[in-house]
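Take a look at the structure set out below.
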Amino acid sequence: MRSITGPETLVVESKQSEVTPAERLAVEQTRYHIAETLYQTSLVLNSSLNYEQILDQVLEQLYQLVPHDTASIMLIEGETAHTCRWRSYNSSISKGDSVPLSLNINRTSTFRIMQQSDRCLVIPDTQADERWIKQAGTNWINSYIGAPIRLRERIIGFINLNSGSPGFFTQAHLEPLEAFTKLVAIALGNAQLYDRGRQEVVQRIRALKKERNFISTVLDTAGALVMVLNRQGRIIRFNRACEQTTGYIFEEVKGKYWWDLFLPQEEVEPRKADFETLWLNQPSHHYESYWLTKAGQQRLIAWSNTVLLDHQGVVEYILNTGIDLTERKQVEEALQSQEERFREVISSISDHVYVTEVTLDGHHLNRYISPHIDVMTGYSVEKFEADWRFWPSQVIHPDDQAAAAVQAAKLAQGQNSEIEYRLVRANGEIIWVRDSARVQMHGSSQIVYGVVSDITERKWVEQELKTTNQQLQALTQRLQAELNLAQKIQQSLLPARQPAWTDLDLICYSVPAREVGGDFYAYHAFETKDGVRRFAIAVGDVTGKGMPAALLMATSLTAFQSIISRTSGPNNLLTELDLAIEPYTKTTLQNCALCCAEITCPTPGLEQWVLRVANAGCIMPLIYRAGGRVEWVEVGGIPLGIGANTEAGYTEATLTLDKGDMIIFTSDGVIEAMNAVNDMFGFERLEQVVACGPRTSAAAMLAHLQAEVRDFTGNTEPHDDFTILVLQV
């Protein structure tokens, strides 16, 4: 590539009568060379997503466009600009003689002017211009040009070019330098976006792994049985307590129906019915059932079922937590054969047993206190035998004494009662107990038979399960929030849905099937030349879904925006886009389908609009004529990024349009939309829907198409991105 050797090559056109053909040819050659240099620069800068590599390539490419003695890139931190890259093409100039390592922006007039105006600045002769402030070691600089680097809404740095020749830089250098700086900003923005996305992905993966390991540890160390089922009733999680109770290991039960493995035949259908009610989003419930172990033994399990919802509020999994009651049940059955007066109490719980008599005048007398109360409370049996009130006033936790008093009142009225409360042991330790009591009349007195069980461990397990459920819900919410953020970032890359064009009525609509997708649209209004107004519209569909498709979508959209203003004709645009994204798609094995149309408005010598269409693997556009006729623009081609059409190019169709004609562009997500019985929306139905649509405006037609597709699909979840553009001339 030849370089532009100095300002004398940037010829400013004089009046037409004063320019010779040779001079005019030189001007056009120079302009062509600038455009070609910028194009090659764009390819080089966008060939990498590494921020540091891009900064290195900036100075390598800059000399080809604007020659200089030295150049530097300074990035802003706070109110200071720091030199991060420097290069000299004059062997007699060192880095210290070119520019200080750091400069305060507010005290450096050139930087302050560029920051306030957001424009390039040229000082042809620094010795005669008061805007130039001399710095130590820069006396040799006689001509200067600089440009601010704007990334989105913020200036992040400056490009500085210096020359020892007075008058070397002129106004003619501003336009190519400004265009070059925009390319630099786009490349740095892409690199920044890529780096941020990569870091977020790494952080999310680490967080997910940490959460997964934590949850696995909690589930495997919990004493309760934990089993997670999918929508079909197949086992997808089976903790260590389940393995120990049933004799099966997780690998033996994974993916199998739980009722086929563990339930006796007579319980299969009732449990299936319970399972179906849970999928209808019914409240969780508790029940007991017998399970068959691998060895054929029966274990009685008390189950509690909880539904887990996805981000749309639909039941996704069922979390089953259970406690093995087999041993307790066996004890209860054994105690039933003992003395009759203890049968009612011992049949329920086997820990601390007490018998209390409530006399007719309301006095409470301890008739029996089991020795286990010493182990449970740390107090001797004698403490309780001497005073009935010692238990409710000294042992029951102060915060639970009121609830225990309510239970005592119920018992005094002859009502059976069960309550859970806390006890304060002699050593200060707090434990949870369940107090189950039944009342029998004995003459004029009431006899209360009660059992107090230590349920501290169960309470711990319940709290652990509650905490685990809360953590799972928080993780789900956090992941959904991050995906919503990614969707907002991708949507911000697309232009506005409706441009402020006076000649054409255009409206765009695009929504991904997931949070992020690969569909996109773009449009461009060319500069009016010789009274001719031209517009370009494009619809793109990247292969795949999710983050890979979103990245290729951003690359394709950036390439389109970079190439469109200097390319003539849709077929040439597709050819250049094919070359631009092929380096990226070679590594990702993706491609990009894109349909591009160019519309030329009527001129005094042309009373109709002219439509030119080229298609790289996208759905063909439909034309809805003002007279009511619908026709397809039959033009196609190989998708972009494959490289198959580099030499042959793309076929272009040319048609004329009359006032009121409409053009409808769609992605394949519209054609392939499915309803509940797997019928496809299809080309024929789209043509019929367009034919009966309104012709009042592009927005009215878009609303009509959206409503028809929505009525067709119903509540069926979309499987592909969905994009429609409607244009009316």
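Given the conditions (1) crowded, with 19+ Cβ neighbours inside 10 Å; (2) farther than 16 Å from Glu652 by Cβ, report the number of the one that Gly531 does not fulfil.
Evaluating Gly531 over (1) crowded, with 19+ Cβ neighbours inside 10 Å; (2) farther than 16 Å from Glu652 by Cβ leaves (1) as the failure.
Tell me whether segment 125-137 contains one or more residues that are touching a Lys or Arg at 6+ places or on another chain (Cβ under 9 Å), at pLDDT 85 or above and not aliphatic (A, V, I, L, M). I'd like the intermediate steps shown before the answer.
Filtering segment 125-137 down to residues touching a Lys or Arg at 6+ places or on another chain (Cβ under 9 Å) leaves 126, 133.
Next, from what is left, pick out any that are at pLDDT 85 or above: 126.
Subsequent filtering for residues that are not aliphatic (A, V, I, L, M) retains 126.
Yes, segment 125-137 contains a residue that is touching a Lys or Arg at 6+ places or on another chain (Cβ under 9 Å), at pLDDT 85 or above and not aliphatic (A, V, I, L, M).
Any residue in segment 649-672 that is in contact with a helix residue (DSSP H, G or I) (Cβ under 8 Å, 6 or more places away or on another chain), under 23 Å from Glu576 (Cβ atoms) and not hydroxyl-bearing (Ser, Thr, Tyr)? Before you say what the answer is, go through the steps one by one.
Residues of segment 649-672 that are in contact with a helix residue (DSSP H, G or I) (Cβ under 8 Å, 6 or more places away or on another chain), as a first pass: 649-652, 662, 664, 666, 670-671.
Add one more test, that the residue is under 23 Å from Glu576 (Cβ atoms), and what stays is 649-652.
Next, from what is left, pick out any that are not hydroxyl-bearing (Ser, Thr, Tyr): 649, 652.
The answer is yes, given that some residue of segment 649-672 is in contact with a helix residue (DSSP H, G or I) (Cβ under 8 Å, 6 or more places away or on another chain), under 23 Å from Glu576 (Cβ atoms) and not hydroxyl-bearing (Ser, Thr, Tyr).
Six or more apart or on different chains, Cβ under 6 Å: which pairs go from a residue in segment 158-180 that's more than 20 Å from Arg87 (Cβ to Cβ) and in contact (Cβ under 8 Å) with a residue 40 or more places away in the chain to one that's aromatic (Phe, Trp, Tyr) and buried (at least 24 other Cβ atoms within 10 Å of the Cβ)? Could you list them?
Sorted first by the residue in segment 158-180, then by its partner, the list stays empty.
Just wondering, is there one or more residues in segment 520-540 that are touching a Gly at 6+ places or on another chain (Cβ under 6 Å) and at pLDDT 80 or above?
yes
Would segment 365-379 turn up any residue that is within 60 Å of the chain's Cα centre (by Cα), at pLDDT below 85 and farther than 30 Å from Gly428 by Cβ?
No, segment 365-379 contains no residue that is within 60 Å of the chain's Cα centre (by Cα), at pLDDT below 85 and farther than 30 Å from Gly428 by Cβ.
Out of Gln561, Gln590, I need the residue that is closer than 20 Å to Leu493 by Cβ, surrounded by fewer than 18 Cβ atoms within 10 Å (Cβ to Cβ) and either touching a strand residue (DSSP E or B) at 6+ places or on another chain (Cβ under 9 Å) or not assigned by TED's automatic domain parsing to the domain that holds Val689 (or both). Which one?
Values: Gln590 fails: surrounded by fewer than 18 Cβ atoms within 10 Å (Cβ to Cβ).
One residue alone meets the criteria, Gln561.
Can you name the condition, by its number, that Arg271 falls short on among (1) of a type in the set (D, E, K, R); (2) at pLDDT below 80; (3) surrounded by fewer than 15 Cβ atoms within 10 Å (Cβ to Cβ); (4) within 15 Å of Gly322 (Cβ to Cβ)?
Unmet condition: (3).
I'm checking my understanding of the structure. Among residues of segment 111-136 that are without any contact (Cβ under 8 Å) to a residue 40 or more places away in the chain and among the charged types (D, E, K, R), which one is surrounded by the fewest Cβ atoms within 10 Å (Cβ to Cβ)?
Once the filter is applied, the top-ranked residue is Glu130.
Mind counting the residues in segment 564-575 that are surrounded by fewer than 19 Cβ atoms within 10 Å (Cβ to Cβ) and modelled with pLDDT of 85 or more?
Residues that pass the stated criteria total 2.
Of Arg231, Arg240, which residue is free of Cβ contacts under 8 Å to residues at least 60 places away in the same chain and basic (Lys, Arg)?
Arg240
Among (1) assigned to a loop (DSSP other than H, G, I, E, B); (2) at pLDDT 85 or above; (3) among the acidic types (Asp, Glu), there is one condition Glu515 misses while meeting the rest; what is its number?
Unmet for Glu515, out of (1) assigned to a loop (DSSP other than H, G, I, E, B); (2) at pLDDT 85 or above; (3) among the acidic types (Asp, Glu): (2).
For Leu557, which of the numbered conditions (1) farther than 28 Å from Gln40 by Cβ; (2) in contact (Cβ under 8 Å) with a residue 24 or more places away in the chain fails to hold?
Checking Leu557 against (1) farther than 28 Å from Gln40 by Cβ; (2) in contact (Cβ under 8 Å) with a residue 24 or more places away in the chain, the one that fails is (1).
Looking only at segment 609-631, which residues are without any contact (Cβ under 8 Å) to a residue 12 or more places away in the chain and either touching an Asp or Glu at 6+ places or on another chain (Cβ under 7 Å) or assigned to a loop (DSSP other than H, G, I, E, B) (or both)?
Scanning segment 609-631 gives Gly627, Arg629.
State the number of residues belonging to segment 401-416 that are closer than 15 Å to Val452 by Cα and out of contact with any Ser or Thr (no Cβ under 8 Å at 6 or more places or on another chain).
Qualifying residue count, segment 401-416: 3.
Please specify each residue of segment 243-260 satisfying the condition of being touching a helix residue (DSSP H, G or I) at 6+ places or on another chain (Cβ under 8 Å) and within 18 Å of Tyr317 (Cβ to Cβ).
Once the filter is applied, which keeps residues that are touching a helix residue (DSSP H, G or I) at 6+ places or on another chain (Cβ under 8 Å) and within 18 Å of Tyr317 (Cβ to Cβ), segment 243-260 yields Phe250, Val253, Trp259.
Being under 32 Å from the mean Cα position of the chain (by Cα) and either among the aromatic types (Phe, Trp, Tyr) or within 14 Å of Val633 (Cα to Cα) (or both) is the filter here; which residues of segment 646-682 pass it?
Of segment 646-682, the ones under 32 Å from the mean Cα position of the chain (by Cα) are 664-682.
If the condition is that a residue be under 32 Å from the mean Cα position of the chain (by Cα) and either among the aromatic types (Phe, Trp, Tyr) or within 14 Å of Val633 (Cα to Cα) (or both), then Ile664, Phe665, Thr666, Phe681 are the ones that fit.
Can you tell me which residue within segment 640-652, out of those that are touching a residue at least 60 places away in the same chain (Cβ under 8 Å) and assigned to a loop (DSSP other than H, G, I, E, B), is surrounded by the most Cβ atoms within 10 Å (Cβ to Cβ)? Spell out the reasoning first.
Just the residues of segment 640-652 that are touching a residue at least 60 places away in the same chain (Cβ under 8 Å), to begin with: 640-643, 645-646, 649-652.
Right, trim to assigned to a loop (DSSP other than H, G, I, E, B) and you get 641-643, 645-646, 649-651.
Values: Gly641: 30, Ile642: 18, Gly643: 16, Asn645: 19, Thr646: 12, Gly649: 15, Tyr650: 24, Thr651: 15.
Applying the filter and picking the extreme gives Gly641.
For Val610, state whether it is crowded, with 18+ Cβ neighbours inside 10 Å, closer than 26 Å to Val532 by Cβ and in the same structural domain as Glu527 (by TED's automatic domain parsing).
In short, no.
Among the residues of segment 60-76, is there at least one that is surrounded by fewer than 20 Cβ atoms within 10 Å (Cβ to Cβ), touching a strand residue (DSSP E or B) at 6+ places or on another chain (Cβ under 7 Å) and part of a strand (DSSP E or B)?
yes
The values are calculated or read from the model by the stated rules, or taken from the named source; none is laboratory data. This is a predicted model, so every value here is computed, not measured. With ideal geometry, Cβ positions are generated from the backbone for all residues, glycine too; neighbour counts draw on all protein chains shown.
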